[in-house]
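These notes concern the structure reproduced below.
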Amino acid sequence: MKGGTIPICFYMILTSSIGSLMATNKSLYFGYGSNLLERRMHRSNPNAVRYGKGVLKDYTLDMGTYGNFWKGCGANIVQSPGDKVWGALWQLKDEDFVNLDRQESVHKNVYKRIIVQIETPEGQKLNAIAYQNVKQFERFDLTNLPTERRPSPAYMDVIIKGAQETGLPIDYINFLKTISTNGIDHVPNLDPEK
């Protein structure tokens with residue numbers, strides 16, 4: 001066996017599952033915030049198809065930029081060795097990512113696209129697009145966030161319902177329930193955009 005054989009075979013195993021996606025101009029998206037919930041995801045992205053669930057290792061969940069839609073801060077992912085973030089995998093046509101870019105305010109330099117490796121419960125490793133805040137924020141314990149960094153109760157309710165709908169582990173859902181909120185009573189319209 002030559003030295004180059006193992007890496008090539010390993011690469012083929014990792015990428016074979018997304019080969020069909022590439023052939024159809026589709027990509028995977030990793031949603032870890034409000035886009036866990038199908039109703040929220042379909043508001044701006046009606047063609048998105050739930051692909052499954054997975055975990056992003058060596059990252060942690062954080063709250064970042066304030067958004068008027070939710071009247072509170074939105075979720076963010078930050079590199080953090082040993083930690084993990086669970087989320088939903090969605091399959092989207094490549095041209096539909098413009099809708100996600102708009103939803104995540106890429107044009108306003110709030111979020112940026114990054115490529116992350118997600119591991120499914122079956123151990124499959126897949127590359128997916130995720131969104132991360134452009135701005136770096138000071139890290140705080142999510143159970144005791146400063147008021148200006150807290151999400152709204154409605155936002156956390158959507159995340160928790162989405163986590164349940166996605167079938168995320170119960171210990172992760174229980175963790176989400178401990179995140180402090182800003183107490184602002186606001187329920188955004190999640191009906192499909194026209």
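The values are calculated or read from the model by the stated rules, or taken from the named source; none is laboratory data. Everything quoted here is computed from the prediction, not taken from an experiment. Here the Cβ positions follow ideal geometry from the backbone for every residue, glycine too, while neighbour counts run over all protein chains shown.
Within segment 104-140, count every residue that is surrounded by fewer than 16 Cβ atoms within 10 Å (Cβ to Cβ) and β-branched (Val, Ile, Thr).
4
Restricting to segment 46-99, count the residues that are touching a Leu at 6+ places or on another chain (Cβ under 7 Å), among the charged types (D, E, K, R) and more than 19 Å from Ser27 (Cβ to Cβ).
Qualifying residue count for the region: 1.
Of the conditions (1) out of contact with any Asp or Glu (no Cβ under 6 Å at 6 or more places or on another chain); (2) outside any strand (DSSP E or B); (3) at pLDDT below 95; (4) of a type outside the set (A, V, I, L, M, F, W, C), Asn35 clears all except one; give me its number.
Every condition holds for Asn35 apart from (3).
Any residue in segment 129-150 that's touching a residue at least 12 places away in the same chain (Cβ under 8 Å) and over 20 Å from Thr181 (Cα atoms): show its pairings with residues that are of a type in the set (D, E, K, R) and buried (at least 18 other Cβ atoms within 10 Å of the Cβ) at Cβ separation under 8 Å, as long as the two are six or more apart or on different chains.
Note: pairs meeting the criteria are Tyr131/Glu104.
Return the residues of segment 41-80 that are in contact with a Lys or Arg (Cβ under 9 Å, 6 or more places away or on another chain), hydroxyl-bearing (Ser, Thr, Tyr) and part of a strand (DSSP E or B); say none if nothing qualifies.
Within segment 41-80, Tyr59, Thr60, Thr65, Tyr66, Ser80 qualify.
Give segment 34-79 a look and list any residue that's of a type in the set (Ser, Thr, Tyr) and within 13 Å of Gln103 (Cα to Cα), or say none.
Ser34, Ser44
I'm told Pro46 meets every condition in (1) at pLDDT below 95; (2) closer than 30 Å to Pro153 by Cα; (3) surrounded by 15 or more Cβ atoms within 10 Å (Cβ to Cβ) except one. Can you identify the failing condition by its number?
So the condition that Pro46 fails would be (3).
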